[in-house]
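Enquirer: Okay, here's the structure, questions in a sec.
The values are calculated or read from the model by the stated rules, or taken from the named source; none is laboratory data. This one's a predicted model, so the numbers in the text were calculated from it and none came from an experiment. All Cβ positions, glycine included, derive from the backbone under ideal geometry; neighbour counts span all protein chains shown. Accessible surface areas use protein heavy atoms only, side chains included; no ligands, DNA or RNA. Shrake-Rupley method; radii C 1.70, N 1.55, O 1.52, S 1.80 Å.
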Amino acid sequence: MDKVFARTSQSAAARPRPRATVVSMLAGAAAVAATVAVATSASAGTTLGASAAEQGRYFGTAVAANKLSDSTYVGILNREFNMVTPENEMKWDATEPSQNQFSYSSSDRIVAHAQANGMRVRGHALAWHSQQPGWAQNMSGTALRNAMVNHITQVATHFKGKIYSWDVVNEAFDDGNGGRRDSNLQRTGNDWIEVAFRTARAADPGAKLCYNDYNTDNWTWAKTQGVYNMVKDFKARGVPIDCVGFQSHFNNGSPYPSNYRTTLQNFADLGVDVQITELDIEGSGSAQATTYGNVVKDCLAVARCNGITVWGIRDSDSWRASGTPLLFDGSGNKKAAYTSTLNALNAGGTTPPTSTPPTSTPPTSTPPTTTPPTSTPPSTPPPAGACTATLSTNQWQGGFVTNVRVTAGGSALNGWSVSLTLPSGSAVTNAWSAQTSGSTGQVTFRNVDYNRQVPAGGNTEFGFQGTGTAPSGTVSCTAG
């Protein structure tokens with residue numbers, strides 16, 4: 001690929017790799033992993049992951065399974081990062097090489113390594129026009145739509161509970177006019193992205209669901225506006241989208257824009273998290289270091305910017321190795337860009353939200369291909385000054401996700417709390433859009449800043465995930 005990353009270029013995710021690179025399994029990773037420090041054991045301020053965690057964020061990297069036997073690679077990975085993204089191993093061609101015949105050996109290896117070393121995982125990517133297996137490339141219409149739904153269901157179910165966020169749909173917009181990219185998936189119907197998100201929510205209700213794309217960094221670009229309008233529409237209609245990923249591949253042909261922070265903030269203002277998902281910056285020396293520092297500062301300035309993932313560890317691991325775009329050189333030495341990145345993380349920024357919001361109730365059946373009606377408040381609101389809370393739950397063996405709707409009475413709420421009792425042996429493991437007191441027995445959930453105020457007769461939602469049996473029965477809601 002040409003060094004210049006023009007606005008019409010493909011992303012790192014789109015760069016084809018030899019099949020052997022995607023699925024190769026080299027021995028020895030376990031022995032290497034046993035000799036290196038766990039990432040989360042590092043002191044804050046001394047590594048990328050630990051410093052990001054101090055700011056309530058993560059700092060991650062793309063990982064290739066076939067490099068997990070490289071001691072230098074694994075040593076840096078385990079020391080510096082607290083989030084990993086499989087580079088190719090979760091894509092359609094790698095996980096379903098023959099229709100309905102699934103292969104998870106390489107992707108399971110990455111997930112297992114992450115879990116053993118205190119890291120979380122971003123899933124990448126469930127639906128994409130590129131790197132499809134040959135059998136899917138030859139499909140169209142209803143057959144392809146059904147195959148996509150089945151693929152998302154099977155893969156997301158396989159990894160359920162192990163994924164922090166999914167890139168549900170990747171690179172679905174055209175670079176020119178801001179419209180949809182012409183692809184075999186797009187030709188199944190304009191609702192295919194919505195169907196993909198609803199399918200992913202049903203399969204893995206505890207994970208954040210992201211749309212991921214490149215050349216969306218500049219707020220003035222038509223492609224950026226196209227994605228923004230889609231996300232705005234999804235939020236208005238209750239389509240379950242939780243986050244937007246910005247690939248942010250920068251070089252002379254596609255430079256870091258001065259309005260990058262504006263872009264991140266404007267998307268965050270829609271009520272979604274923003275994540276920098278595939279960062280690399282071509283160059284060297286002080287110019288590269290300054291740009292890396294600026295990107296980190298921009299993320300830290302936006303409360304809903306969860307974290308940053310660089311697309312590779314050493315320059316030699318990069319899809320654009322000749323541009324030396326990463327934080328470590330080919331020998332694994334820290335570059336000036338590393339120092340500026342770490343310094344920016346340690347300087348701090350805004351406080352992120354305290355919750356993790358999947359945005360809608362997980363459906364319990366195959367999602368429809370048409371738009372469902374928008375939910376409305378109950379026709380008879382509770383009395384003035386009161387509130388009510390109703391539960392909807394997705395239960396599976398050993399765990400559950402519960403969504404809670406808080407409805408105001410005849411007067412607006414300026415703060416609320418919901419209390420419930422968990423069955424014996426059950427525990428809350430995480431929550432979104434609420435602060436939690438307690439994890440077993442009686443548990444209380446209180447509003448966060450952005451859902452404190454609820455208009456009279458209106459409602460807001462929060463949710464939580466847990467182990468054991470989901471709660472049922474009496475739920476109390478208190479205003480104020």
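Enquirer: From D191, D280, D175, D204, which residue is crowded, with 17+ Cβ neighbours inside 10 Å and more than 25 Å from T61 (Cα to Cα)?
Expert: Exactly one of D191, D280, D175, D204 is crowded, with 17+ Cβ neighbours inside 10 Å and more than 25 Å from T61 (Cα to Cα), namely D175.
Enquirer: Which one is modelled with the lowest pLDDT, of the residues in segment 252-277 that are farther than 27 Å from G238 by Cα and open to solvent by 40 Å² or more (accessible area, probe 1.4 Å)?
Expert: This residue is N252.
Enquirer: Do the conditions hold for N333, that is, is it out of contact with any Leu (no Cβ under 6 Å at 6 or more places or on another chain), open to solvent by 30 Å² or more (accessible area, probe 1.4 Å) and under 23 Å from W219 (Cβ atoms)?
Expert: No; evaluated as a whole, the condition is false for this residue.
Enquirer: Would segment 300-319 turn up any residue that is open to solvent by less than 10 Å² (accessible area, probe 1.4 Å), aromatic (F, W, Y), part of a loop (DSSP other than H, G, I, E, B) and farther than 20 Å from A347 by Cβ?
Expert: Checked segment 300-319: at least one residue is open to solvent by less than 10 Å² (accessible area, probe 1.4 Å), aromatic (F, W, Y), part of a loop (DSSP other than H, G, I, E, B) and farther than 20 Å from A347 by Cβ.
Enquirer: Sticking with this structure for a sec: What's the number of the condition H249 fails, among (1) under 16 Å from the mean Cα position of the chain (by Cα); (2) in contact (Cβ under 8 Å) with a residue 60 or more places away in the chain; (3) buried (at least 24 other Cβ atoms within 10 Å of the Cβ)?
Expert: Failed condition: (1).
Enquirer: Within segment 320-330, can you find the residues that are under 18 Å from I76 (Cα atoms) and open to solvent by less than 10 Å² (accessible area, probe 1.4 Å)?
Expert: P325, L326, L327, F328 - these are the residues of segment 320-330 that are under 18 Å from I76 (Cα atoms) and open to solvent by less than 10 Å² (accessible area, probe 1.4 Å).
Enquirer: Out of N88, N100, N138, report the one residue that is more than 19 Å from I193 (Cβ to Cβ), of a type in the set (S, T, N, Q) and open to solvent by less than 10 Å² (accessible area, probe 1.4 Å).
Expert: So the residue among N88, N100, N138 that is more than 19 Å from I193 (Cβ to Cβ), of a type in the set (S, T, N, Q) and open to solvent by less than 10 Å² (accessible area, probe 1.4 Å) is N88.
Enquirer: Hey, another quick one. Of these, A116, A112, A53, A62, which one is hydrophobic (A, V, I, L, M, F, W, C), open to solvent by less than 10 Å² (accessible area, probe 1.4 Å) and either modelled with pLDDT of 95 or more or in the same structural domain as N170 (by the TED database) (or both)?
Expert: A62
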